[in-house]
Amino acid sequence: MSKKFFLETFGCQMNIVDSEQIAALMIAAGYLQVDSAKQADLILLNTCSVRDKAERKVYGHLGRFKPLKEERPNLIIGVGGCVAQQEGEKMLAKVPFLNLVFGTHNIHRLPELVQQAEEKRKRGSVTEFHDRDTRLNLFPERTVQESVNSFVTVMQGCDNFCSYCIVPHVRGREISRPSDEVIAEVKTLVQQGVSEITLLGQNVNSYGGKDDNEISFAQLLQRLNDINGLQRLRFATSHPKDMTNELIDCFGTLDKLCHHIHLPFQAGSDRILKLMNRGYTRNDYLAKVKRLKEVCPDIRMTTDIIVGFPGEDEEDFQATLDMVEQVGYADAYTFLYSPRVETAAAKMEDNQSAHQKQQRFDRLLELQHKVSTSIWQSDIDEVVDVLVEGKSKREESQVFGRTPSNRIVNFAGSTDLIGKIVKVKINAAYRNAHVGDLI
Ligand code: 5AD
Ligand code: SF4
């Protein structure tokens, strides 16, 4: 009988893609994937350390597996992802029943580590960063994909060192995947019935920047736009400083590129942006937004915002609120600043109280909710293109899909529509989704 593994994933889309690769490797090694830790011979956690809360969650979760390990001493438990990269051996010391730790560049070594743990009861940690050639093998290649949409990683790592961010420390330097490989993978996915591709990377805008022979990200989009059968293209995530005019103009020229961009601004004041080492000013950002709206008037924007960065005062915070109103984001991911080890901001002086920060955070949420509501309500009575993804979780007789602006729409319809783009008239805009009628 095959051995069974249970895999749990935390964090961003990059981790979700890495988990697909982890699963594929373990399946190739003869394991069967199960959806409960209780049935598993191998438990794997793919972890996130972008904020303290996410990191603490990992230790909390591991604690839950302790009784299972006591019951079944042969159970193997492993941790991968960003917390694993950051902690390495320390994790083995902190969690005595943990068998193995594998960092972000060492997913390919997982089967070997598992085998060592099984055969020799040896505990192991691998967290070294690899060179370009080894890392190129880390781009997971999809050969079978049954969904309507698929994520394709085009670059990994980050060179920006925003002062609050742990990503460059746990994911290493930027590396782009060869464009020929990306294009070939997208073609294969489209042949298998995938309609929508989202290109992924920590900072896709700097794609190809380190290689004189590689095409730019805008050129990559152009090449993908030409693939017959592909219906929609998206990408995430973007750094404003690397948003070139060439890329902005793609929103006006490429018919498959969805009219939505996630463009984190993080903070509205120049003083804080500088302390964050973001490499742009408020006006630089606003000038790019202006151009985006000129080339693509119906573009919907979403963003990430950090509240409570060290030293952020009321005036700085007002500049953030002002940005939210001026740009008019359809949605925003808002975060309370969380100090991270090894980052420059963790050493900065901070004179604002936790209470002040929380109050500002609540004010930002309230404003963003008002802005989002008014944008989503402006869709009511409009007819929008929806790419149907599957059966609705809301009602049996409904299906759901997404608008180009990435908004979920539920409507009555048959599952035969899955994979097709249909016209839907929007009747209501709720917090998480629209509801409409197929026309
Ligand atoms: N504290 C709070 N939020 C953070 N982010 C990244 N690092 C931190 C941190 N230390 C947020 C940023 C980023 C998003 C993925 O997470 O807004 O864009
Ligand atoms: Fe972190 Fe900045 Fe890199 Fe984004 S661009 S991953 S926020 S360092």
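Segment residue 350..residue 66, full-extension length gain: 98.4 nm, with 0.36 nm per residue of separation and the alpha-carbon distance subtracted.
For the residues 104, 9, a 1.4 Å probe over the protein chains yields an accessible-area ranking, largest first, of 9, 104. All C-alpha to C-alpha distances of the range 383-438, sorted into 10 Å bins beginning at zero, yield P(r) values of 29, 64, 7 percent in whole numbers. For residue 290, the aspartates and glutamates whose Cα falls under 19 Å of its own Cα, not counting residues fewer than eight places away in the same chain, are 242, 246, 249, 270, 298, 304, 322, 325, 331. Here the 3J(HN,Hα) profile of the range 55-64, calculated from phi with Karplus coefficients 6.51, -1.76 and 1.60 at θ = phi - 60°, is 5, 5, 4, 4, 5, x, 5, 4, x, 5 Hz, Gly and Pro shown as x. Report summary: the helix-based calculation at 222 nm, which adds -39500 (n - 2.57) for every DSSP H run with n ≥ 4 and divides by the residues of the chain, gives -11000 deg cm²/dmol. Considering only 433, 48, 149, the residue lying farthest towards the positive end of the dipole of the chain is 48, judged by Cα position with unit charges set on Cβ. Rolling a 1.4 Å probe over the protein heavy atoms gives the chain an accessible area of 45 Å² per residue. For the range 3-128, the C-alpha radius of gyration divided by 2.2 N^0.38 Å, with N the number of residues, is 0.94.
A DSSP coil position with no more than 11 other Cβ atoms inside 10 Å describes none of the trypsin sites (Lys or Arg not before Pro) in the range 295-347.
I need the calculated FRET efficiency for the pair residue 394 and residue 120, taking r as the beta carbon distance and R₀ as 51 Å, to the nearest 0.05.
With a Förster radius of 51 Å, E is 0.50.
Based on Cα contacts under 8 Å between residues 6+ apart, the range 131-258 shows a relative contact order of 25 percent.
Each DSSP beta bridge with both residues in the range 131-258 is either parallel or antiparallel, and the antiparallel ones are about 15%. If one computes P(r) from the Cα atoms of the range 282-356, what percent of pairs lie at distances over 14 Å? Cα-Cα pairs of the range 282-356 separated by over 14 Å account for 68 percent. Annotation for the range 145-217: GluC sites (Glu not before Pro) lying in DSSP loop with at most 15 further Cβ atoms inside 10 Å of their Cβ are 146.
Note that the range 30-47 has calculated 3J(HN,Hα) couplings of x, 8, 10, 7, 10, 9, 9, 5, 4, 8, 8, 8, 9, 10, 10, 10, 9, 10 Hz, one per residue in order, obtained from phi through the Karplus relation 6.51 cos²θ - 1.76 cosθ + 1.60 (θ = phi - 60°); glycine and proline are x. Put simply, the amide H of residue 390, placed in the peptide plane, has neighbours under 5 Å in 400, leaving out anything fewer than 5 places away on its chain.
Restricting attention to the range 383-438, close to 85% of DSSP beta bridges with both partner residues there are antiparallel. For the chain, the fraction of alpha-carbon pairs lying more than 33 Å apart is 41 percent, rounded to a whole number. Candidates 111, 31, 83 compared by Cα position along the dipole of the range 3-128: farthest toward the positive end lies 83, with charges placed on Cβ.
Note on residue 245 and residue 3: the model spin-label points, each 7 Å out from Cα along the C-beta direction, lie 5.8 nm apart. If you count the DSSP beta bridges with both ends in the chain, what percent of them are antiparallel, to the nearest 5? So the antiparallel bridges amount to about 35 percent of the total.
Using 0.36 nm per residue and subtracting the Cα-Cα separation, the extra length available between residue 129 and residue 192 on full extension is 19.3 nm. Cysteine residues of the chain whose Cβ has no partner cysteine Cβ closer than 4.7 Å: 12, 48, 82, 158, 250, 258, 296. For the chain, with all protein chains in place and a probe radius of 1.4 Å, 50% of the accessible heavy-atom surface sits on carbon or sulfur.
Between residue 295 and residue 363, residue separation times 0.36 nm minus the direct Cα-Cα distance comes to 21.3 nm.
The values are calculated or read from the model by the stated rules, or taken from the named source; none is laboratory data. Quick caveat: nothing in here was measured; it's all calculated off a predicted structure. Because the Cβ atoms are built from the backbone with ideal geometry, glycine has one as well, and the counts that use them run over all protein chains shown. Each accessible area value is taken on the protein alone, full model and side chains, heavy atoms only, with ligands, DNA and RNA left out. Shrake-Rupley method; radii C 1.70, N 1.55, O 1.52, S 1.80 Å.
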